[in-house]
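The values are calculated or read from the model by the stated rules, or taken from the named source; none is laboratory data. The structure displayed is predicted, hence computed values, not measured ones. Reconstructed Cβ throughout: ideal geometry from the backbone, glycine too, with neighbour counts over all protein chains shown. Accessible surface is based on the protein model in full, side chains and every heavy atom, while ligands, DNA and RNA are left aside. Shrake-Rupley method; radii C 1.70, N 1.55, O 1.52, S 1.80 Å.
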Amino acid sequence: MKKSEKIAGNVANYVDERTGAAKWLKKNLTKVFPDHWSFMLGEICLYSFIILLLSGTFLTFWFDPSQREVIYNGSYAPLSHVTMSASYASTLHISFDVRGGLLMRQIHHWAALIFMAAMIAHLMRIFFTGAFRKPREANWLIGVGLVTLGIVEGFLGYSLPDDLLSGTGIRIAEAILQAIPVVGSYLAFFAFGGQFPGHVFIPRIYTVHVLLLPGIFLALITIHLMLVWYQKHTQYPGPGRTEKNVVGYPLMPVYMAKAGGFFFIVFGVTAFLGAVASINPIWLYGPYTPGQISAGSQPDFYMGWLDGLVRMAPPLETHAFGHTISWNILLPGLIVPGILFTGMALYPFIEAWITGDKREHHLLDRPRNAPNRTAIGAMSLAFILVVLINGGNDIIATHFHLTINGIMWFTRIGIFVIPPLVFVATKRICLSLQRADREIVLHGRETGRLVMLPHGEFIEVHEELSPEKKFTLTQHEQNLPLAVPNTDSLGVRNPQGIKGKLRARMSQANAEQVPAPSESEAKALEGGHH
Amino acid sequence: MSNEISKFSDPGLPEHIHRKSDSDPMAEKRAEQQVAILFLISALGTVLTIASYIFIKQGTFVYLPILGDVEASQLFLGLGLTISLIFIGFGAVQWARRLMPDTEVIAERHEFRSEEIDRKEFVETIKERAATAGLGRRSLIKRSLGLALGLIGLTPLVMLRDLGPLPKKALNETSWKSGTRLVTDPGNRPIRPEDLEVGSVAQVLPELPEGTERTLENIGTDAVLLIRLRPTEFNLDAKRLSWTHNGIIAFSKICSHMGCAVALYEQQTKHLLCPCHQSTFDVTRAAKVIFGPAARPLPQLAISVDSQGYLVATQGFTEPIGPSFWERSS
């Protein structure tokens, strides 16, 4: 026995005699993970979170989360002798006087953007492939929670430097708090320790940003991954893949090497962005003061849609009995986002109610084979895109020589018109794609090769698909609408009332599809041809 | 549907195609060397990182196409870090792709639902255990425990009370009073009407009593914009016109929508625009909202001149400034 083997054996023995880990590890080191590029989106979320923890820890060593006033005397000359908060001054210090400080700040900010973008992409993958279906509803809920907290965490993070831009963002957050009926001004005074901006808000959100929320993230991510591990990963349909198996590569060594390697690649790409792409140059904005602002004030992209909603809100306020309700803030700031996120969280349960499907699903849907769901997803994306455009209306107006008013009215009307149109169009496209699948399964792929037959007729040669391809294109389930009994056994008409009717209607819309071709159809056609 | 039975059958996993490096020792050797080279490049990246940290002084700039002048220390630190990280990744992935087994493996899944007997026994266990504690019977204990737990939830709420003072009337107040002089910001100098040309705009603050330090909270409520037009350009009722002085009109600079500074003044149209959400106010009509989400005009400050010819407020604001809140009465 080699020496290294002996040492490893001793360590393993020590651990196993105390935990009995060998049995569990033996089984799990060969655990199978399916391979697909879209499964890496969730990995990017995890890795950028780790990068955020590492780079964030580095920043805390120099950052001073205090609104105490100081006079800046660091090496950034344009702000020399300017009065500012300690948090702004220490952010300047990190950027100009700590070696690698600016790099880490930029890595941290880029990683936050990547974290949010990857979470959204991951969420879309889960949604469009139906990976949220039973038994994975809980993981969907955790995911929705992570995205929501991610938005909050990102906002708090870029608010910390206390520069002119982020201070304006805090002012807007204060206005949202203040607008809440009955308790609003109390909440605002408690959060800010009195009148805005006060001296306590930055230190308070610092604790939330570096301790409370990361702790919750860590806990939720752990549960999220444990569930993935325990329930085993979903897989795309294909030859040899069924609801009862999982096909892929074993954890050790292939998946470990690929996933571990991918972590370094994500970190490397983030470091590259941090090195060459300037982001949030706070020294250009100056310290925060409530009387000033910079034109083109823009939040980060994951807040941009909220800002767009606020911008397009109608100028409505109710004044009654000596009280004010600001619909122009509540509607876009709390009510619409609340409805959106609640709807997103409940979607798996709504879909299960409509389909009446109570089975486990481990094979993913191709988005075209779930036209209704795909159309709902596309509709939601269209909604977010329209409000996001309005969130950048000032920038878009100056870049493309349009008027802000024009863009605002386009999006105000577009928000009601475009999403339904996108729904209809997406559903039609999905059904057309199903028809195209049916076509090539039954008639083969067009090769573009023209052949003249002896009697002069021209035909195009069609190439038959491989059995693997045929199976992949036809394996999906045929949806059946729920039958809602018109009369029950006692002769009562429509026993389930409006709820039943609604469910039947939605189930019908959900079941609309082009029938997948069957082997017998293919055989019948073959007989006809030859 | 009837075609369910005649679906295309599953041909099973396609046959595995071996890689060149699986059979050809030369190819295997090459793959091994490739992986090693990738890892060595990463090592060089770390050397670059450390060298940049030690040798490049902060504040040195290098010119790069597209990016312009870039701070050299952070650029090379970053590039070193990039190389050291990304090539470990490339090496590991290449290792997995070329040299590790690439045959797909099948593992079975099992339904999560427990066996019927286990479920039954579980319910029985729960029932039996609960019965030993008398959970079903002792409603007095259950109710009093519920009360105790419910009340304990109040503790953190109560304990958070000292986060801040009660708002009281603070949201209704500013430092402006009758006779308060308008002073420039920055500069803190009182102004005369002739300091302002027609068409110009200035930010002013109230003069504070001697010895009072101006806080950010003051600025957040007191900031005022002065705009000078030709008196004939106003379209105001008699009362609001009397609040102006020789074509100079004063508004709160804090947006009535969400409190941003309304900083953009367009001289041609005489519109004030808030850069946050594009609420647009018409200066000639007492800052009436003509576009955007704001629901109220910017509060107007009544101004005049004092005996020494300096601009002063003739009264405080007649309504709360800034964003709306529940207790606001109009």
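A few comments on the model shown:
- Placing unit charges on the Cβ atoms of the charged side chains and taking the dipole of chain A about its Cα centre, the candidate lying farthest along the positive direction among A:Phe301, A:Gly391, A:Phe115 is A:Phe115.
- Area of B:Leu196 that stays accessible when all protein chains are in place (1.4 Å probe, Å², to 10): 20
- Region B:156-194 versus region B:101-138: alpha-carbon centroid distance in Å: 63
- Per-residue packing, averaged as other Cβ atoms within 10 Å, sorts the ranges A:457-470, B:271-284 into the order B:271-284, A:457-470, beginning with the highest.
- Computed accessible area, A:Ser297, all protein chains, 1.4 angstrom probe, square angstrom: 10
- Cα gyration tensor, region B:70-137 - rounded (a/c under 1.5), prolate or oblate: oblate
- Counting Cβ atoms of other protein chains within 10 Å of each residue's Cβ and taking the mean over peptide A:285-292 gives 6.
- Heavy atoms of the protein chains alone define the surface here; on that basis the protein assembly as shown has 52 Å² accessible area per residue at 1.4 Å probe size.
- Compared with its chain on its own, region B:303-329 contains the following residues whose accessible area drops by 10 Å² or more in the full protein assembly (probe 1.4 Å; ligands, DNA and RNA excluded): B:Pro323, B:Ser324, B:Phe325, B:Trp326, B:Glu327, B:Arg328, B:Ser329.
- Shielding by other protein chains, A:234-245, mean Cβ within 10 Å: 3
- Gyration tensor verdict on region B:92-200 (Cα atoms; rounded if a/c is under 1.5, prolate if a/b is larger than b/c, oblate otherwise): oblate
- Cα-Cα pairs of region A:1-152 separated by more than 19 Å (percent): 71
- When the inverse distances between all different Cα atoms of the protein assembly as shown are averaged and flipped, the Kirkwood radius reads 32.5 angstrom.
- Exercise: per-residue mean of other protein chain Cβ atoms within 10 Å, A:187-195: 6
- Estimated 222 nm signal from helices in chain A, with DSSP H stretches of n ≥ 4 weighted -39500 (n - 2.57), rounded to 500: -20000 deg cm²/dmol
- Counting only protein heavy atoms and a probe of 1.4 Å, the accessible surface of the protein assembly as shown is 65% carbon and sulfur.
- In angstrom, the C-alpha Rg and Dmax of region A:30-300 are 21.5, 71.
- Going from the chain on its own to the full set of protein chains, region B:246-274 has these residues losing 40 Å² or more of accessible surface (heavy atoms, 1.4 Å probe, no ligands, DNA or RNA): B:His257, B:Met258, B:Ala261.
- q = 0.07 Å⁻¹, chain B: log10 I(q)/I(0) [Debye, one scatterer per Cα]: -0.77
- Peptides A:320-326, B:10-16, B:145-151 ranked from most to least packed, by the mean per-residue count of other Cβ atoms within 10 Å: A:320-326, B:10-16, B:145-151.
- Positive-end residue, chain B charge dipole about Cα centroid, Cβ charges, pick of B:Phe234, B:Ala36, B:Cys255: B:Phe234
- Taken about its Cα centre, chain A carries a charge dipole of about 1220 debye when Lys and Arg each add +1 at the Cβ and Asp and Glu each add -1 at the Cβ.
- Binned Cα-Cα distance frequencies in region B:171-313 - 5 Å width, integer %: 2, 10, 21, 23, 22, 14, 6, 1, 0
- Applying 1/(1 + (r/R0)^6) with r as the Cβ-Cβ distance of B:Thr318 and A:Leu340 and R0 = 41 angstrom yields a FRET efficiency of 0.55.
- Solvent-accessible ranking of B:Ile117, A:Ile50, B:Ile219, A:Ile498, largest area first, probe 1.4 Å: A:Ile498, B:Ile117, A:Ile50, B:Ile219
- Considering only Cα atoms, the convex hull volume of region A:190-321 works out to 296 Å³ per residue.
- Accessible area that becomes buried as A packs against B, both chains, 1.4 Å probe, Å², nearest 100: 8800
- Expressed in Å, the radius of gyration and Dmax of the Cα atoms of region B:20-98 are 17.1, 55.
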